[in-house]
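Novice: Input: one structure, supplied below.
The values are calculated or read from the model by the stated rules, or taken from the named source; none is laboratory data. Keep in mind that this is a model prediction, so the values were computed, not measured. We place every Cβ from the backbone using ideal geometry, glycine too, and count neighbours over all the protein chains shown.
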Amino acid sequence: MYKHTGSRGSGAPSWVLQRITGLLLVVVVIGHYFVMHANPASGHTYAAVLDRMHQPFWKMFDLTFITVGLWHGLNGTWGIFRDYKMKPAVSLTIYGIIILSGIAFWVLGVNTILSF
Amino acid sequence: MITHQYDVLIVGAGGAGLRAALEIPEGFSCAVLSKVFPTRSHTGAAQGGIGAALGNEEEDSWEWHMFDTVKGSDYLGDQEAIEIMTKDASRAIIELEHMGMPFSRTPEGKIAQRRFGGHTRPEDPSDPDSKHIAVKRSCYSADRTGHVMLHTLYENCIKQKVHFFSEFYVTDLIMSGNVCAGIVAMDIATSEVHIFHAKAVMLATGGYGRVFRITSNAHAGTGDGFSLVYNNGLPLQDMEFVQFHPTGLWKLGILISEAARGEGGILLNNKGERFMERYAPTVKDLAPRDMVSRAILTEIREGRGFKGSDGTYYVHLDVSHLPKEVIDDKLPEITGFARTYLGVEPTKEPIPIQPTAHYAMGGIPTTPDAEVTKDKKNTKVAGLYAAGEAACVSVHGANRLGTNSLLDLIVFGRRGGKAIAEFIKNTDFAPLPADAAERTLSKIDKVMNSKGSEKVGALRTELQEKMMEKVGIFRNESDLKEMTSEIKSLRERYQNIAIDDKGKTFNTDLIEAIELGSLLDTAEPIIYGALVRQESRGAHSREDFPNRDDKNWLKHTLIFKKDGTPKVDYKTVSITRFQPKERKY
Amino acid sequence: MKVTLRIQRYNPEKDSEPYYQEFVLEAGDEKERILDLLHQAKWKHDGTLTFRRSCAHGVCGSDGIRINGRNRLACSTLLRDVNYKKPIVIEPLPSMPIVKDLIVDMSDFYKKYEAVKPYLINNAPPPEHERLQSNEDAEMLFESAKCILCACCTTSCPSSWSDENYIGPAALLKAYRFVFDTRDDAGDERLDVVDTPDGAWRCHTIFNCVEACPKEINITWHISQMKKRLAQREM
Amino acid sequence: MAYQPKPPEGWLKTNLRYYKHSGSWAWILHRITGLGLTAYIFVHIYALTSLTQGPQAFDNEMKLFSTPVFKVLEWLLFSLVLFHAFNGVRIVLVDWASGAKNHKKILTLVYGLGVVLFIGMGVLMFREPLANMFASIR
Ligand SMILES: Cc1cc2nc3c(=O)[nH]c(=O)nc-3n(C[C@H](O)[C@H](O)[C@H](O)COP(=O)(O)OP(=O)(O)OC[C@H]3O[C@@H](n4cnc5c(N)ncnc54)[C@H](O)[C@@H]3O)c2cc1C
Ligand code: HEM
Ligand code: SF4
Ligand code: F3S
Ligand code: FES
C-alpha cells in the first residue's frame, strides 16, 4: 500500500554531489589508469611509485581519488540499498557499515599516502 | 445489501457529470458513480474543440453561434436552450481556463481558436444576411481537447474532495411515485448490489454509439442511461436523430476529427475529385456532418468510392498537402491513429475514411436546468436530472455541430448542478420503497443462472450489424418496419441469454450481458422514432420522404414504453429568434 | 491466419496461483489489435476471460497489460508490432496486486497521482478573461498533459518494483504538469511532495517508462526538469 | 472484499522477466560496474598499504599483480571503469542537459568511445608482448 513517507527530506545535495564527484572521477580515474597501468613499470615498481608519492601534485591527486572515489562509491552503494525496502533496523545497520568502512578505509588510504 | 445515503448522486463521470459535481456546495454529500474510472470516460476521446464566440482570432458573436446551431439543428433545436448555451459559452470556456485547462494559445497568449464544420459568420458583419463563411470558433488544445477537459474537471473534483464510486455499474432508478429516490448499483469488483438513497439523481451516462457496428464510441457507450429512463416508463426524445460522423477510420470507426478539415484537409473520391464542392459550394468540406456523411455515402453508392480489401467502401481524406508543422502541432493524435491502425502515413498519402456512428442528438428530455421532464407539457420528475449526451435539452435538434457537445456538457452540467444545489436545500429524502433492488437482483440472478443458448457477443453483433444496415444514414419504411419485428425477436432471444462466468469477482461477462440489454432498450426507440418521422431532417434521412416537412414534423418525438411496447407522443419546438428556412451551405 | 495468445489467468475464487492458458485464434490480417484478439477469446471461447477496456483506440488508458514481456495498451498494439509466429504472451501489469486475470488493483497508482496535488492552485482572484499564457509556455505542458493514466510507465519502472512507495513516473509527470504551469502558484508545496527519497530522487533514468508509454511521452525528460528545479531550490 | 489480491512478484523475478531495451541494460551495467568498482577501491586501498612496509613487501605483492593473468584482469577492469565513467557522464547529461531526448544516441557514443579507449589501453598495456608477437610473425 502506498504511503507518503516524509516531507522534503531533500535528496538534492547528495544527488548533485554524486554527479559532481562522478565528473571529477572521469578525469581522476582515467588519468590514474593511464599513469599507473598503461606502463607496467610506472605502476608496478616500488621506486617509480615512491618517486611519484613524493611529489605534492600526485599526493593531492591520490588524496582526491581516495576521498572522492570512496564518497562516490559508498554514496552510490547506499543509494542502491535505499531502493530496496528494508526494515529500519536493517537499513540502519547497512548505513552504519557503509559509513564506518568508508571512514576506516579512508584513514587507511590517507595514512599510506601521507607516510611519504 | 449495502445502503448508502447521499444528498446528491451523479451517475457518470464524463464531462457533464464532473462539471455538475463541482456545483454541489460544501455541507451536502455528493457521490459520483461511474462504471469506468472517471478519466476513462468517453469525453476524453473528444478531439477537435469546444465552441464559443470568444472572438480571439476573428470577429465573432454569440448570436452568430446561435444562428449556426439553430441552422445546424435543421431548426429542430429549442431556441430558448440554444440561446442560453451560446450566450454562456464564453464564460464557460474562461472558467475552464481558470480551472487549469491547458489550451493552445494565440500569439498574444489568449485561447486559440480554429474553424469547424457548420460554424460561420456573415462575410460582411454589418449585414447579417450576407454570405456566411467559416469562422474560427473552436477553442482547442491540439487535438486532445476532450482529454484535457476531462482531466481538468477530474482534477478539480479531487481538489474539492468529491466522493467517487469508481467501477460501479448503475442498474436501476428507484422511483417513489413521481419522485426519484435514488439508484441501485452493482460494485463491479465484487458483484455486490448497493442501494443509494438520495434527494437528487443526475444521469450523465453519455451516448449509445455501440448500438451500431461502425462507431467512434467507446465499448462503454452502451446507452445505459437511456435504458434506465425508458424502463421506468419515462420518455426519450428525438431518438431517431443519430449523428454519423463523416470521417471515421475505414473499418474501425475511430474518429478523425473535423479539425483535420478545419485545418485544411479535403475529401476526395476515386476520381480524385473534391466532391464536397458539389454538395456544399460555399463551405465545402466544412459543411455540417449530416450533409458530409450523406455526400460520402452518395459518392460510394454512385460508384465513386474505393473498394477495400474486405469488400466495404471508403473515400479519402487528404491532409498531405498541409504544412508538416500543422500536422505535427495541431493534429498529432489523429494522424497518429491513421499511422497506428491503418499503417497510412498522412503526411504523404490520403487516409481511408467512412462515416461512423458518433453522437446521440436525442435522449432524456430535460429543461434548460437539466430537470428531467416526462411529457409534452414538460412536467418535471422531482429529483431526477440529466445532462450531457444522455440528455436532450434540446440544443442539437436534428444534427449537432462539432464542438457543441463539449459546450453542452459544461453549460448544462453546471446549470444542472446549480439546480440540484437549490433543490436539495428545501427537500427531504423521499421514502425508499422496500423492493428497490428487486428488479436488479432478479435480473442478475436470471442471467447468472440461465441455461439458455444465446451468446452475448453473437447477439450484440447481430443487433449492431442490422442497425447499421437498416437504421443507418439512409432509411426507408420497409427497412424500418422489418427492424421493428427484428428488435422484438432480438429481445426475445435476449431472454434466453447465458454467460460463462458464474463468479462474483469482476464479472465482465455479466456486465456485458446487462449492457446488451441497454443496447436493445436504446435501439427500440431509435427504430420507432425513425419509423414515425416521415420526413428528412438533419441526420434523419428517409429515402421515401426526402424533404423536410415543417408543416407536419417541426416537432419533437417522445417515445415511452407502455405495457412493454413503445408509444409515441410529440412536443413543440421552441422557436424564438430564427424562423425555419431552407438549410443550404 | 492463426495466432496463439498465451494468457495469464487467475481467478481469486478458484486459483491459488496464476497459470497460463493458450487460445488459438483467427486473425484477419496483421493490423488486428491485440484487444480484438482478446475480445475474440472472450466472446467466442471463454467468457470468463477478464480485462478492462473502453475506447479501443488508445485514449482512455484502460487496457494497459504486458505483451511479450513489455507494458503496452492492448488496443494500440497490433499483431505486426509483435512476433505473432510464436505464442504471444499476455500478462497483467507487473508488480500490482492481481484482481482477476488481466485486471490489477490500481488504487495505489491513483493514490500516488493524488499525492502530487494534481490540480491548478492559484489563489489570486481570477481575471475576467482567460489568464494569458504564451503558446510556448502552454506547449511546455502539452506533452505531459497527454498522459492517460494507464500505469504502463510506473509498473515498468524497476525502482517501483523494489519499492512500492516510490511515487513513480506517472505521478512525477503529473507534478511536472503543474509545477511548470505558469498559472500555478503552489510550486513549493508540490515540490515538497516529490523532494523525498521516495520521490524524484528514486528515478535512476532507466527509461523503461519512456519505452512503455503508449502516448510516447518522454517522461524521463520531464522528471529531469523537475530534478533540476528541486536542486536549484535547494542550493 | 471478495477477493484476495496477490502480493506483487519479487522485484528480482520481475527484473529478470521484464523486456529489456538499451536503457535498462545501461542501468543494470551501471549498477554492477559501480558496485564492482567500489569493491575494487577497497581492495586497492588495502593492497597499497604494503607501500608503507617497505620495498620488499611492495615488490613481492607486485610480482603477483604483474603476472599475465592479473594484467589481463587489470585490463578488463578498465572496461568497467570506461563504461561506468562514460555512462555516468550520460546520466549527468540526461539529468542536467536535455540528454533525455537523445539518450540512445549518447549511449551509442558511450559504447563507441569505451571500445576505442579499451582497445587503446590494451595496446598500451600489452605493447611489449604485442611487439614481440608481431616480430615473431615477421
Ligand atoms: C471520438 C469522439 C470525438 C468527439 N469530439 C468532440 C469534439 O471535438 N467536440 C465536441 O464538442 N464533442 C465531441 N464529441 C462528443 C462528446 O465528446 C461527447 O458527446 C461527450 O463527451 C459526452 O459526455 P458525457 O459527459 O455526456 O458522457 P461520457 O463522457 O460518455 O461519460 C459517460 C459516463 O457515464 C458513465 N456510465 C455510463 N453508464 C453507466 C452505468 N450504467 N453505471 C455507471 N456509470 C455509467 C461512464 O462510466 C462515464 O463516466 C466527440 C465524441 C467522440 C466519440
Ligand atoms: C569515472 C567516473 C564516474 C562517473 C562519471 C560516475 C558517475 C556516476 C553517477 C552519475 C552515478 C549515479 C547514478 C544514479 O543515481 O542512478 C553513479 C553511481 C555509482 N557510482 Fe559512479 N561514477 C564514476 C566512477 C565511479 C567509481 C570509480 C566508483 C567506485 C568507487 C563508482 C561507484 C558508483 C556506485 C556504486 C554507484 C551507484 C550505482 C547505482 O545507483 O546504480 N563510480 N556514478
Ligand atoms: S505517462 Fe504514459 S505510460 Fe505513464 S500513465 Fe501516462 S500515458 Fe501511461
Ligand atoms: S523507468 Fe523509472 S527510474 Fe526513472 S526514467 Fe523511468 S522512472
Ligand atoms: S481501450 Fe482505451 S486505451 Fe485501450
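Novice: Within region C:183-198, can one find any residue that is of a type in the set (Asp, Glu), within 9 Å of chain D (Cβ to nearest Cβ) and either more than 13 Å from the chain's Cα centre (by Cα) or more than 16 Å from ligand 2 (Cβ to nearest atom) (or both)?
Specialist: If we filter region C:183-198 for residues that are of a type in the set (Asp, Glu), which is where we start, we get C:184-185, C:188-189, C:192, C:195, C:198.
From the residues that got through so far, the ones that are within 9 Å of chain D (Cβ to nearest Cβ) too are none.
The answer is no, given that none of the residues of region C:183-198 is of a type in the set (Asp, Glu), within 9 Å of chain D (Cβ to nearest Cβ) and either more than 13 Å from the chain's Cα centre (by Cα) or more than 16 Å from ligand 2 (Cβ to nearest atom) (or both).
Novice: Of the residues C:Ser144, C:Ser156, C:Ser134, C:Ser162, only one is within 16 Å of ligand 4 (Cβ to nearest atom) and at pLDDT below 95; which?
Specialist: Of the residues listed, the single one that is within 16 Å of ligand 4 (Cβ to nearest atom) and at pLDDT below 95 is C:Ser162.
Novice: Does region C:103-116 contain at least one residue that is within 14 Å of ligand 3 (Cβ to nearest atom), within 30 Å of B:Gly253 (Cα to Cα) and in contact with a Phe, Trp or Tyr (Cβ under 8 Å, 6 or more places away or on another chain)?
Specialist: Yes - at least one qualifying residue is present in region C:103-116.
Novice: A further question follows. Is it the case, given these coordinates, that B:Ala89 is within 14 Å of chain C (Cβ to nearest Cβ) and part of a helix (DSSP H, G or I)?
Specialist: Working: within 14 Å of chain C (Cβ to nearest Cβ): yes; part of a helix (DSSP H, G or I): yes.
Criteria met by B:Ala89.
Novice: Name the residues in region C:1-21 that are in contact with a Ser or Thr (Cβ under 8 Å, 6 or more places away or on another chain) and surrounded by 13 or more Cβ atoms within 10 Å (Cβ to Cβ), would you?
Specialist: Residues satisfying the conditions are C:Asn11, C:Pro12.
Novice: I'm trying to understand the selection: among the residues of region B:187-210, which are touching a residue at least 40 places away in the same chain (Cβ under 8 Å) and over 21 Å from B:Leu409 (Cβ atoms)?
Specialist: Once the filter is applied, which keeps residues that are touching a residue at least 40 places away in the same chain (Cβ under 8 Å) and over 21 Å from B:Leu409 (Cβ atoms), region B:187-210 yields B:Ile188, B:Ala189, B:Thr190, B:Ser191, B:Glu192, B:Val193, B:His194, B:Ile195, B:Phe196, B:His197, B:Ala198, B:Lys199.
Novice: Do the conditions hold for B:Gly55, that is, is it within 28 Å of B:Asp224 (Cβ to Cβ) and not polar (S, T, N, Q)?
Specialist: no
Novice: Right, here's the next one. Going through region B:498-521 one residue at a time, which ones are more than 7 Å from chain C (Cβ to nearest Cβ), surrounded by 20 or more Cβ atoms within 10 Å (Cβ to Cβ) and touching a Ser or Thr at 6+ places or on another chain (Cβ under 6 Å)?
Specialist: B:Asn507, B:Glu515, B:Ser518, B:Leu519, B:Asp521
Novice: Just to verify a result, which residue in region A:55-104, among those that are more than 15 Å from A:Val28 (Cβ to Cβ) and touching a Phe, Trp or Tyr at 6+ places or on another chain (Cβ under 6 Å), is surrounded by the most Cβ atoms within 10 Å (Cβ to Cβ)?
Specialist: Only one residue tops the list, namely A:Ile98.
Novice: Then there's this: Please state which one of B:Ser73, B:Ser104 is farther than 30 Å from B:Ser536 by Cα and of a type in the set (Ser, Thr, Tyr).
Specialist: Details: B:Ser73 fails: farther than 30 Å from B:Ser536 by Cα.
The unique qualifying residue is B:Ser104.
Novice: Restricting to helices (runs of 4 or more DSSP H) lying wholly in region A:2-116: which have 3 or more residues that are within 14 Å of chain C (Cβ to nearest Cβ)? Walk me through it before giving the result.
Specialist: Values: elements: A:12-36, A:40-44, A:46-54, A:56-83, A:88-114.
Hits in region A:2-116: A:12-36, A:56-83, A:88-114.
Novice: Go over the candidates D:Ile137, D:Ile106 one by one and state the one that is of a type in the set (A, V, I, L, M), without any contact (Cβ under 8 Å) to a residue 24 or more places away in the chain, more than 10 Å from every other protein chain (Cβ to nearest Cβ) and within 16 Å of ligand 4 (Cβ to nearest atom).
Specialist: Of D:Ile137, D:Ile106, the one residue that is of a type in the set (A, V, I, L, M), without any contact (Cβ under 8 Å) to a residue 24 or more places away in the chain, more than 10 Å from every other protein chain (Cβ to nearest Cβ) and within 16 Å of ligand 4 (Cβ to nearest atom) is D:Ile106.
Novice: Pairs, please: C-beta under 6 Å, at least 6 apart or cross-chain, first residue in the same structural domain as B:Ile473 (by TED's automatic domain parsing) and in region B:300-312, second assigned to a strand (DSSP E or B) and at pLDDT 95 or above?
Specialist: Cβ pairs passing all conditions: none.
Novice: Go through the residues of region D:34-43 one by one and say whether even a single one is facing another protein chain (nearest Cβ under 8 Å), touching a strand residue (DSSP E or B) at 6+ places or on another chain (Cβ under 8 Å) and of a type outside the set (A, V, I, L, M, F, W, C).
Specialist: Checked against the condition, which is being facing another protein chain (nearest Cβ under 8 Å), touching a strand residue (DSSP E or B) at 6+ places or on another chain (Cβ under 8 Å) and of a type outside the set (A, V, I, L, M, F, W, C), region D:34-43 yields no hits at all.
Novice: Return the pair list, or none, for Cβ contacts closer than 6 Å from residues in region D:57-74 that are at the interface with chain A (Cβ under 9 Å from one of its Cβ atoms) to residues that are not hydroxyl-bearing (Ser, Thr, Tyr), at least 6 apart or on different chains.
Specialist: Note: pairs meeting the criteria are D:Phe58/D:Leu51; D:Met62/A:His44; D:Ser66/A:His44; D:Glu74/A:His37.
Per-residue answers, yes or no, for (1) within 11 Å of ligand 3 (Cβ to nearest atom); (2) farther than 22 Å from A:Thr77 by Cα:
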{"site": "C:Ala186", "(1), (2)": "no, yes"}
{"site": "C:Gly199", "(1), (2)": "no, no"}
{"site": "C:Asn208", "(1), (2)": "yes, no"}
{"site": "C:His222", "(1), (2)": "yes, yes"}
{"site": "C:Arg229", "(1), (2)": "no, yes"}
{"site": "C:Gln232", "(1), (2)": "no, yes"}
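Novice: Tally the residues that are free of Cβ contacts under 8 Å to residues at least 60 places away in the same chain and either touching a Phe, Trp or Tyr at 6+ places or on another chain (Cβ under 8 Å) or not assigned by TED's automatic domain parsing to the domain that holds B:Ile527 (or both), restricting the search to region B:465-509.
Specialist: Qualifying residue count for the region: 1.
Novice: Among the listed residues C:Ala212, C:Ala151, C:Ala145, which satisfies the condition of being within 12 Å of ligand 3 (Cβ to nearest atom), surrounded by 21 or more Cβ atoms within 10 Å (Cβ to Cβ), within 14 Å of chain D (Cβ to nearest Cβ) and over 28 Å from A:Gln18 (Cβ atoms)?
Specialist: When all the criteria are applied, what remains is C:Ala151.
Novice: Right, next: Look at B:Gly262 and say whether it is modelled with pLDDT of 95 or more, buried (at least 21 other Cβ atoms within 10 Å of the Cβ), more than 16 Å from ligand 5 (Cβ to nearest atom) and not hydrophobic (A, V, I, L, M, F, W, C).
Specialist: no
Novice: Restricting attention to region B:187-223, which residues are farther than 28 Å from B:Tyr314 by Cβ and part of a loop (DSSP other than H, G, I, E, B)?
Specialist: B:Ile188, B:Ala189, B:Thr190, B:Ser191, B:Ala204, B:Thr205
Novice: Taking the conditions exactly as written (acidic (Asp, Glu), closer than 24 Å to B:Arg40 by Cα, away from ligand 5 (no atom under 16 Å from the Cβ) and in the same structural domain as C:Val116 (by TED's automatic domain parsing)), does C:Glu216 satisfy them or not?
Specialist: Answer is no for this residue.
Novice: Return the total of residues in region C:154-178 being in contact with a Leu (Cβ under 7 Å, 6 or more places away or on another chain) and within 14 Å of ligand 3 (Cβ to nearest atom).
Specialist: The number of residues fulfilling the criteria is 3.
Novice: A further question follows. Please give the number of the condition B:Tyr341 fails out of (1) in a loop (DSSP other than H, G, I, E, B); (2) in contact with a strand residue (DSSP E or B) (Cβ under 9 Å, 6 or more places away or on another chain); (3) crowded, with 20+ Cβ neighbours inside 10 Å.
Specialist: Of (1) in a loop (DSSP other than H, G, I, E, B); (2) in contact with a strand residue (DSSP E or B) (Cβ under 9 Å, 6 or more places away or on another chain); (3) crowded, with 20+ Cβ neighbours inside 10 Å, only one is false for B:Tyr341: (1).
Novice: Examine region B:224-239 for a residue that is over 30 Å from B:Ala436 (Cα atoms) and either assigned to a loop (DSSP other than H, G, I, E, B) or assigned by TED's automatic domain parsing to the domain that holds B:Ala390 (or both), and state whether such a residue exists.
Specialist: No; the residues of region B:224-239 include none that is over 30 Å from B:Ala436 (Cα atoms) and either assigned to a loop (DSSP other than H, G, I, E, B) or assigned by TED's automatic domain parsing to the domain that holds B:Ala390 (or both).
Novice: To continue, here is another question. Could you grab me the full set of residues in region B:529-544 that are assigned to a strand (DSSP E or B) and within 20 Å of the chain's Cα centre (by Cα)?
Specialist: B:Arg537, B:His540, B:Ser541
Novice: Filter region C:40-55 down to residues that are without any contact (Cβ under 8 Å) to a residue 24 or more places away in the chain and either assigned by TED's automatic domain parsing to the domain that holds C:Ser160 or within 16 Å of ligand 3 (Cβ to nearest atom) (or both) and give me whichever is farthest from B:Asn217 (Cα to Cα).
Specialist: So the residue we want is C:Arg53.
Novice: Could you please find all residues in region B:256-310 being in contact with a Phe, Trp or Tyr (Cβ under 8 Å, 6 or more places away or on another chain) and assigned to a strand (DSSP E or B)?
Specialist: Of everything in region B:256-310, those that are in contact with a Phe, Trp or Tyr (Cβ under 8 Å, 6 or more places away or on another chain) and assigned to a strand (DSSP E or B) turn out to be B:Leu267, B:Leu268, B:Phe306, B:Lys307.
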